[in-house]
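Asks: Could you have a look at this structure, given as structure tokens, before my questions?
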Amino acid sequence: MATKKTTDQIISSWPDYKQSAFLEAWKFGWRAGSNKRQATEAWDRWITQENVDEATEGARQYCSRMRGNPYIKGMAPWVNGESWNDELPPDKTNPQAEEGPKTHCPCGQVATHFHPEIGCNRCHSDKYSTQFFQGQHIPYRVLHASTLNDAGLAPKEGETTVDWQYRLKEHTNRRLGSLLQRHTAGKKTADGMAKKSRAA
């Protein structure tokens, strides 16, 4: 009974061009857990002296563009699909190549809104996000800042963002605790009145 060749034996049986190209391509960064035995068998089946350069370069570009993408293929499925003939995925390392030049807001940030005029999230919100309050439309940021100031919750001079957020959280927890206590007390009173009503 013939003994099945090991992965290393298969690779060592190849001509130099095929061996060196495989060992190079195997290191390109395929899907985690890629099976080397399956990749070896696929390379053995599909790679010839005529297509080895095209396949190796195609593999390099594919892995480079798919780096960090959870949908990157393993080497065996890529080779079995003769994927060096496929169109390459978009180059995520160079967004300009895929999306073209970006439009910018007058403040310099990348624009995210284009109507009624070009602007980033912040500038668009400052200009168009309003709240109707006491008979007039007030920019949301202005109203929000005024509300925080009236409640004594505006950022204090020298206070870090983390300290300010902690103070807001503490205030919220106190308010919630107070509301829960009132709700619980009201529920007890209502329960007591119901019991008295049933007793009568």
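Asks: Taking a point 7 angstrom from the Cα of His183 along the C-beta vector, which residues in the stretch 162-177 have backbone N less than 12 Å away?
Replies: Counting only backbone N, you get 176-177.
Asks: I want to verify the translational diffusion coefficient of the stretch 1-87 in µm²/s; compute it with Stokes-Einstein, Rh as the Kirkwood radius over Cα pairs, at 37 °C and 0.692 mPa s.
Replies: Once the numbers are plugged in, D ends up at 249 µm²/s.
Asks: Could I ask something else about it? Rg to Rh ratio, the chain, alpha-carbon atoms and Kirkwood radius?
Replies: Using Cα coordinates only, the ratio equals 1.34.
Asks: Under a 5 Å amide H to amide H cut-off, with H placed in plane at 1.01 Å, what residues pair with Phe133 once short-range neighbours are removed?
Replies: Here the answer is Ile138, since their amide H atoms fall under 5 Å of that of Phe133.
Asks: In degrees, nearest 10, range 0 to 90: what is the angle between the Cα axis of helix 16-26 and the longest Cα principal axis of the chain?
Replies: 10 degrees
Asks: Related question: Counting helices only, and only those DSSP H runs with n ≥ 4, report the 222 nm mean residue ellipticity of the chain as the sum of -39,500 (n - 2.57) divided by its residues, in deg cm²/dmol to the nearest 500.
Replies: Computed mean residue ellipticity for the chain: -17500 deg cm²/dmol.
Asks: Okay, moving on. Go ahead and run the numbers for FRET between Asp44 and Asp91, Cβ-Cβ distance against an R0 of 30 Å, rounding to 0.05.
Replies: Here the calculated transfer efficiency is 0.45.
Asks: Would you mind working out the magnitude of the charge dipole of the chain relative to its Cα centre, with +1 at each Lys and Arg C-beta and -1 at each Asp and Glu C-beta, to the nearest 20 Debye?
Replies: Charge dipole, the chain, about its Cα centre: 1980 debye, nearest 20.
Asks: His104's amide H: which non-local residues (gap 5+, or another chain) put their own amide H closer than 5 Å, with H modeled 1.01 Å from N in plane and none for Pro or chain starts?
Replies: For His104, whose amide H was placed from the backbone, the distant partners under 5 Å are Ala111.
Just so you know, all these numbers are worked out from the coordinates, no wet-lab data involved. Predicted, not measured: the structure shown is a model, and the values here were computed from it. Glycine also receives a Cβ, built like all others from the backbone with ideal geometry; neighbour counts cover every protein chain displayed.
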